[in-house]
Each structure stands twice: as C-alpha cells, then as structure tokens.
Amino acid sequence: MTAPLLLTLDCADQPGITAQVTTFLFERGCNILDAQQFRDPSSDRFFMRVAFDPAAHGPDDLREAFEALGKSFGMDWSITAQDRARRVIIMVSKFDHCLVDLLYRRRTGELAIDPVAIVSNHPRDVAIHDDIGDIPFHHIPVTTPTKPEAEARLRALAEETGAELIILARYMQIFSDEQSAHFAGRCINIHHSFLPGFKGARPYGQAHERGVKIIGATAHFVTGDLDEGPIIHQDVERISHADSAADLVRKGRDIERRVLAEAVRLFCEERVLLNGKRTVIFRG
C-alpha cells in the first residue's frame, strides 16, 4: 500500500479553495483520509492540512500538477510523504535530558526524525552523558569573537546534511539576528516559563524563593526577539509549598522534555503553519 501524502497550504482567504483542492484530489483518484482547515479573521488567511492516499501517483507528479492551482490562489504549499523521517540537527549545551528523550522517542518510533548531527558548544564528554550511537557529533565552540564563524559552520553543516529542522534542546547560546533569519520557521527552542519571569542562571532557584505555584515550558520558533517567537506548544505543572528547589528542577526538566518532543512531533507531521507572530496547529 502506498504511504499517505500530506498537503499543507495557506493563502489569503477567498471563495473556492476547499472545493478546488478536493476536486483536484478527486479527479486524480486520491482518497482523503483526514482534512482540517482554519480561517483566521484577524489576518484574513486560510490554512489547510489534508492527508490523502495518492493512489498510483507519486509526490513529484502531484507537485507538478498542483503548481497551477497553488499559483492561482497565491498559496504557500507543500506536498510531502507522511512516513518520511525529517532530517534534524539537535543542539545541546550541558543539559542533555531533552536530547536523550528525543533519541528515545525516535528509537521507539514515536518521533519520525533522522538526526543527521548533534552539535554542542561544549566537548562531547561535557555535553552528553548517554550513548548517541553513530550520530555524528560536532563540537562548535562559541565565544564573542568567534560567534560569526561558529554560526557560519552551523549553516554550512545544515546545508551539507540537508537538515530540515534545527532543534535547540537546551542549547544555551543566543542566535544572532542573521542566524535567526536564516533558520526562520525551521528552528525550535525550548525554555522554562514562569510568572513572574525569572532570568539568569538559577530560574528554578529563584522560582522556589518566590514560592511559585505553577511552572511550565514553552516550545517556539526562534526569531530575533529572544524567546518571543511563534509558540508551538506549552505545558504547566502545579507546585506546592512542600516542593524544594531540587523538586522544581526535576519537574521542570520533565515538562521541558515532553513539550519539546510534542513540538517536534507536530512539526514533523506538518501540523504547524506559521501565521505571522502566531501559529496554526492542526492537532491529531
């Protein structure tokens, strides 16, 4: 049986989009397996995700055939194989809990990712304390004078490996505006979330000192605005007066792991569409 394909699109809202897309698929004998759509009245844009059985058609043939329809509506669109593992670069500093979780979920088949490289600003024995198998590891040190060179090395590595997504799995370096723009829409970061917001090296310690009642994590696309890119996924956990600072760290790491993994899953399944400073998430 041929693997399903995914069609995703967005464009200015106008009559006939759904009718034309479904007619396109029907005329080629494609069977729609799942379809979701959304019109955002604030931006007047239309978003759609369709999973379908392509019958005897290959993705390249369908892309060529869809070109005229996409152009007529001014669509940003893609047709991809549903079962294709997305090529990713995972970046990590000294905390490898998110990295290890992603690799575990990949091994169990929960995440359709193909890690083409692991990158750290620290040496292998400092950055990672678990087996990464045969995944290539790259130590790219970052200092203020060498930051432009380090960022150029990452861009070159992404080009060489054909990486479709950069995952900042607790990578504790800030991208320059140039780097953020280069990877716009294909770089996901994870960070803790508190109210009030605590900055610096001891966010969980500060949260404990202030007696917070909820901690959380946010996964978002990287932009030039630090930690303010379009949000993909968030989660929270309640804290009590009996929780120590160490408890907050433990619970925080668990939230970070699951929030980042869910954001990566949504991206790899073509469920995330950018909508200006926001995202449209087609859950499934």
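Can you tell me the equivalent ellipsoid semi-axes for the stretch 1-55? Use √(5λ) from the Cα gyration tensor, largest first, whole Å.
23, 12, 7
State the antiparallel share, in %, of DSSP beta bridges confined to the chain, rounding to the nearest 5.
Around 70 percent of the beta bridges assigned by DSSP in the chain are antiparallel ones.
Could you work out the Kirkwood radius for the stretch 128-226, taking every pair of different alpha carbons, averaging 1/r and inverting it, reported in Å?
In the stretch 128-226 this quantity evaluates to 15.7 Å.
Ranked highest first by the average count of other Cβ atoms within 10 Å around their residues, in what order do 153-159, 182-188 fall?
Averaged packing, sorted descending, gives the order 182-188, 153-159.
For the chain, find the longest principal axis of its Cα atoms and tell me its angle to the long axis of helix 97-107, 0 to 90°, nearest 10.
Its long axis makes an angle of about 40 degrees.
Starting from 0 in steps of 10 Å, tell me what percent of the Cα-Cα pairs of the stretch 61-101 lands in each bin.
20, 28, 22, 18, 12
Compute the projected area of the convex hull of the Cα atoms of the stretch 60-205, averaged over all viewing directions, and report it in nm² to one decimal place.
The Cα convex hull of the stretch 60-205, projected and averaged over all directions, gives 12.1 nm².
To check you understand DSSP bridge types, tell me what percent of the beta bridges within the stretch 163-284 (both residues inside) are antiparallel, rounded to 5.
Counting DSSP beta bridges with both partners in the stretch 163-284, the antiparallel share is about 85 percent.
³J(HN,Hα) across the stretch 30-40 via Karplus (A = 6.51, B = -1.76, C = 1.60, θ = phi - 60°), whole Hz, x for Gly/Pro?
7, 9, 6, 9, 7, 9, 9, 8, 7, 10, 9
Restricting things to alpha carbons, tell me how big the stretch 1-110 is in terms of Rg and Dmax, in Å.
17.4, 54
Starting from the Cα of residue 147, draw a straight line to each of the lysines and keep only those under 19 Å, dropping any in the same chain fewer than 8 residues away.
Output for residue 147: 94.
Quick check: residue separation of residue 38 and residue 236 times 0.36 nm, minus the Cα distance between them. What number comes out in nm?
68.6 nm
With the chain treated as a Gaussian network of Cα nodes joined by springs under 10 Å, which of 230, 54, 115 yields the largest mean-square fluctuation?
54
Non-local amide H neighbours of residue 239 (under 5 Å, H modeled in plane, Pro and chain starts lacking H): which ones?
For residue 239, whose amide H was placed from the backbone, the distant partners under 5 Å are 214, 215.
What residues of the stretch 117-157 lie in the reach of a label at residue 178, counting those whose backbone N is under 16 Å from a point 7 Å from the Cα along Cα→Cβ?
Within reach of a label on residue 178: 142-157.
Roughly how many whole Å is it from the C-alpha centroid of the stretch 168-183 to that of the stretch 234-255?
27 Å
Compute and list, largest first, the equivalent-ellipsoid semi-axes of the chain from the alpha carbon gyration tensor, each √(5λ) rounded to a whole angstrom.
Values for the chain, descending: 36, 22, 18 Å.
If I stretch the segment between residue 199 and residue 85 completely, what's the gain in nm (0.36 nm per residue apart, minus their alpha carbon distance), one decimal?
Gain in length upon complete extension: 37.5 nm.
Quick check on packing: order 206-212, 126-132 by the mean number of other C-beta atoms within 10 Å, highest mean leading.
206-212, 126-132
Work out, in µm²/s and without decimals, the Stokes-Einstein translational diffusion coefficient of the stretch 195-269 at 4 °C, 1.567 mPa s, Rh from Kirkwood over C-alpha pairs.
Taking Rh from Cα pairs, D becomes 98 µm²/s.
Could you tell me the calculated FRET efficiency between residue 104 and residue 12, based on Cβ-Cβ distance and R0 = 35 angstrom, to the nearest 0.05?
0.25
Under the rule of -39500 (n - 2.57) per DSSP H run of 4 or more residues, summed and divided by the residues of the chain, what mean residue ellipticity at 222 nm is obtained, to the nearest 500 deg cm²/dmol?
Working: 8 runs with 93 residues, N = 284.
Taken over the chain, the calculation gives -10000 deg cm²/dmol.
Quote the FRET efficiency, to the nearest 0.05, computed for residue 126 versus residue 210 with a Förster distance R0 of 45 Å and r equal to the Cβ-Cβ distance.
Computed FRET efficiency for residue 126 and residue 210 comes out at 0.90.
Each reported figure results from applying straightforward, stated rules to the coordinates on display, with no laboratory input. Keep in mind it's a predicted model, so treat the numbers as computed, not measured. A quick note on method: Cβ atoms are made from the backbone with ideal geometry, for glycine too, and the neighbour counts reach across all protein chains shown.
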